[in-house]
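Some notes on the structure that comes next.
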Amino acid sequence: MTSLRSLTALIIEPQSGMRASMHNMLNLCGVTKIDHAVSSGTAIRPLKNRSYDLILCEYDLGDGQDGQQLLEDLRHNKLIPLWTVFIIVTAERAYEKVVSAAELAPTDYILKPFTADTLLERIARAIEKRAAFLPAYHLMEHGNLHEAIEICLLGEEKYRRYAVDFMRLRAELHVILGEAEAAEKIYQDLLTTKAVAWARLGLAKTLFMQNKFGEAEMLLKSLVEENSKYMDAYDWLAKTHEAANNLDEAKGVLADAVSVSPHAVRRLRKLGDVALEVGDIDTAEKSFQKVISKAKYSEFRDPEDHVRLVRTLVKKGDTQTAASVIRDMEKSLSNLDKTPACKAFSAALVHIELGNSDQASDALTAAVTACRDTHGISNDMKMELARNCLERNMDKGASEVMRDVMSNASDETAFAKAMKVFEQTGKMQLAETVVKESRRQVVELVSSGAEKAKQGDFEGAVELMTAAVRKLPENPQVVFNAAVAVLKYLENLGWDNRLGDQARGYIESARRLDPSNPRLVPLKELYQSIMKKYGIRPVGME
């Protein structure tokens, strides 16, 4: 028990009696540094300011989010590090809810009632495994993914009982890096020893990455047929159908998945998006209503969900309900940066449907203006905004929005999707102009950063390129040159831990966005030589 005394723990439990009981059990296990939260909202606040070794979270949190939805938010928004042990506590034996929790991969879940000895056994087992993986986790947190792969190889030899888990993590790292062939080989090796479902899913992912959609589809279909509760397989099967432009099949798969596990907000949102695209207004409306309802108590609500529902209701011709959705957005999400742009665009959609041309034009102009200085608005929403501008011959506003979309296109597929907006509105000549402007925008940003560094203004170069990445996070050229700017600062002005982390993140993002870039190797070598110059040891290599 003494090995657990240094652990920090957070109990998330609305019932005071159960909180006290779990607190006492943790004390008996040797854990004494314990904080409490009574809901998802009160849990977010401490988690934004500190990390915990252990989180014990009740599944049924009463009004608001459940434990599964909270875990989804924490993972998606990176509020808990990889090494946090997250255990869901529940008395709920309805399989529908249990599978929803399991698919989000908590470290473990415990059914009530349980004893202190049971809790101790689960925690000790989780902490023992965490210790083996901690060096790799630290490297991953700091963006050193290739170094993490090397640590996994060492771990396979040192911790034989976790060898399969280290192989799995190594394969997943290759997937993150876009190295499909390397990941495929690992999954094939795993399958020769044990035909585990997750290894077959991983193999399907690598086939998808290599555009082998037919092979991926066959593998994923067999997984779903063998285990109707394997939610990740549904998601990837739908993604494969979508990539092959079989949207009706994708919608069907997502609908099946939602019927099995109806609590995952991101899957519901995806079902709504696909249903709207194929013209299934009823499914889209129901999906988006559920998204808004389930996300109501989340600290990370997205006003774009309201826009999605408004678009659906407008297509249905129900402008009255659409107007009420806009009022709800304005009332409940007024504190979010994205809300003004989302509200203006939603209002424009309603005015367009009602035939209010002047009000529609004013609202579209307001949406374009709001997008100008707002980070985080999705390319999909921007393209819909531009499409509506183009249809009303508001070419200037559409061009401004699409210039940013095209500048931020991560690959040819994303770029082609943007071009389709111009094609569908009969504005291909304008598209050529916007393409040139978007490329010039990127060149000017990169050139300005390089010029500042050349003149010795390394701080100015970092400031400029950091802002450029915030604006265009998916542009490989921008991200690559931001990494260069930060490294030049470190090389000339001395080591800074925060900027060192930033450089690592940019390098790995550049690798993810453009893995075949031949300049990545010398960039990483420059980073390593700077660390060596200042005697900095890679995190996780102690």
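The values are calculated or read from the model by the stated rules, or taken from the named source; none is laboratory data. Values in this document were obtained by computation on a predicted structure and should not be read as measured data. Heads up, the Cβs are rebuilt from the backbone with ideal geometry, glycines too, and the neighbour counts pull from every protein chain shown. Accessible surface areas use protein heavy atoms only, side chains included; no ligands, DNA or RNA. Shrake-Rupley method; radii C 1.70, N 1.55, O 1.52, S 1.80 Å.
Along the stretch 465-474 the Karplus relation, 6.51 cos²θ - 1.76 cosθ + 1.60 evaluated at θ = phi - 60°, assigns HN-Hα couplings of 6, 5, 5, 5, 5, 4, 7, 10, x, 9 Hz to successive residues, with x for each Gly and Pro. Which of Leu26, Thr84, Leu191 sits farthest toward the positive end of the charge dipole of the chain, with +1 on the Cβ of Lys and Arg and -1 on the Cβ of Asp and Glu? My answer, from the dipole projection, is Leu26.
When nucleic acids and ligands are ignored and a 1.4 Å probe is applied, Tyr137 ends up with an accessible area of around 50 Å². 3J(HN,Hα) couplings calculated from phi for the stretch 52-60 with the Karplus curve 6.51 cos²θ - 1.76 cosθ + 1.60 (θ = phi - 60°) are, in sequence order, 10, 6, 9, 10, 9, 10, 5, 5, 8 Hz; Gly and Pro show x. The helix-only estimate of mean residue ellipticity at 222 nm for the chain, built from DSSP H runs of length n ≥ 4 each weighted as -39500 (n - 2.57), is -23000 deg cm²/dmol after division by the residue total. Phi angles across the stretch 508-520 convert, under the Karplus curve 6.51 cos²θ - 1.76 cosθ + 1.60 with θ = phi - 60°, into 3J(HN,Hα) values of 6, 5, 4, 5, 5, 6, 8, x, 8, 4, x, 7, 5 Hz, Gly and Pro given as x.
Residues in the stretch 187-339 average 46 Å² of solvent-accessible surface per residue, probe 1.4 Å, ligands and nucleic acids excluded.
In whole percent, and with a 1.4 Å probe on the protein chains, what portion of the accessible area of the stretch 124-232 is carbon and sulfur? Carbon and sulfur: 53 percent of the exposed surface of the stretch 124-232. Cross-link partners of Lys251 among aspartates and glutamates, defined as those whose alpha carbon lies under 19 angstrom from its own and excluding same-chain residues fewer than eight positions apart: Glu217, Glu225, Asp232, Asp235, Glu242, Asp273, Glu277, Asp280, Asp282, Glu285, Asp305, Asp380.
Here the relative contact order of the chain, from alpha carbon pairs under 8 Å that lie six or more residues apart, stands at 9 percent. Cross-link check: pairs Lys382/Lys436; Lys48/Lys454; Lys185/Lys239; Lys229/Lys420 evaluated at a Cα-Cα cut-off of 28 Å; pairs beyond the cut-off: Lys48/Lys454; Lys229/Lys420.
Near Val85, the amide H atoms lying under 5 Å from its own belong to Leu54, Ile55; only residues 5 or more places off or on other chains count, and H is placed 1.01 Å from N. Per-residue accessible area (protein heavy atoms, 1.4 Å probe) orders His375, His23 as His375, His23, starting from the largest.
With the highest mean first, a sort of the peptides 237-247, 398-408 on other beta-carbon atoms found within 10 angstrom per residue produces 398-408, 237-247. Averaged over its residues, the stretch 412-542 has an accessible area of 54 Å² per residue, based on protein heavy atoms and a 1.4 Å probe.
Computed from the Cβ-Cβ distance with R0 of 41 Å, the FRET efficiency linking Asp457 to Ser516 stands at 0.80. With contacts taken as Cα pairs under 8 Å and at least 6 residues apart, the stretch 395-494 reaches a relative contact order of 28 percent. Taking 0.692 mPa s as the viscosity and 37 °C as the temperature, the Stokes-Einstein diffusion coefficient of the stretch 419-504 based on its alpha-carbon Kirkwood radius rounds to 234 µm²/s.
Extending 7 Å from Cα along the Cβ direction at Glu277 and again at Asn49 yields two label points whose distance is 4.3 nm. Approximating the spin labels as points 7 Å out from Cα along Cα→Cβ, the Ser222-to-Lys331 distance works out to 5.4 nm. So between Ile536 and Glu181, what do we pick up on full extension, going 0.36 nm a residue minus the alpha carbon distance? The span from Ile536 to Glu181 would gain 124.6 nm if fully extended. Shape class of the chain from the Cα gyration tensor (axes a ≥ b ≥ c, square roots of the eigenvalues): oblate, since a/c reaches 1.5 or more and a/b does not exceed b/c. Please work out whether the stretch 27-83 counts as rounded, prolate or oblate from its C-alpha gyration tensor, where a ≥ b ≥ c are the square roots of the eigenvalues and a/c under 1.5 means rounded, while otherwise a/b larger than b/c means prolate and anything else oblate? Oblate. Normalised by the number of residues in the stretch 438-539, the mean separation of alpha-carbon contacts (under 8 Å, six or more apart) gives a relative contact order of 22 percent. With a simple spin-label model that places each label point 7 Å from the Cα along the Cα-to-Cβ direction, the separation between Asp35 and Glu121 comes to 3.1 nm. Peptides 129-135, 56-62 ordered by packing proxy, namely the average of other Cβ atoms within 10 Å per residue, highest first: 56-62, 129-135. Each of Glu437, Glu215 has its accessible area taken with a 1.4 Å probe; listed largest first, they run Glu215, Glu437.
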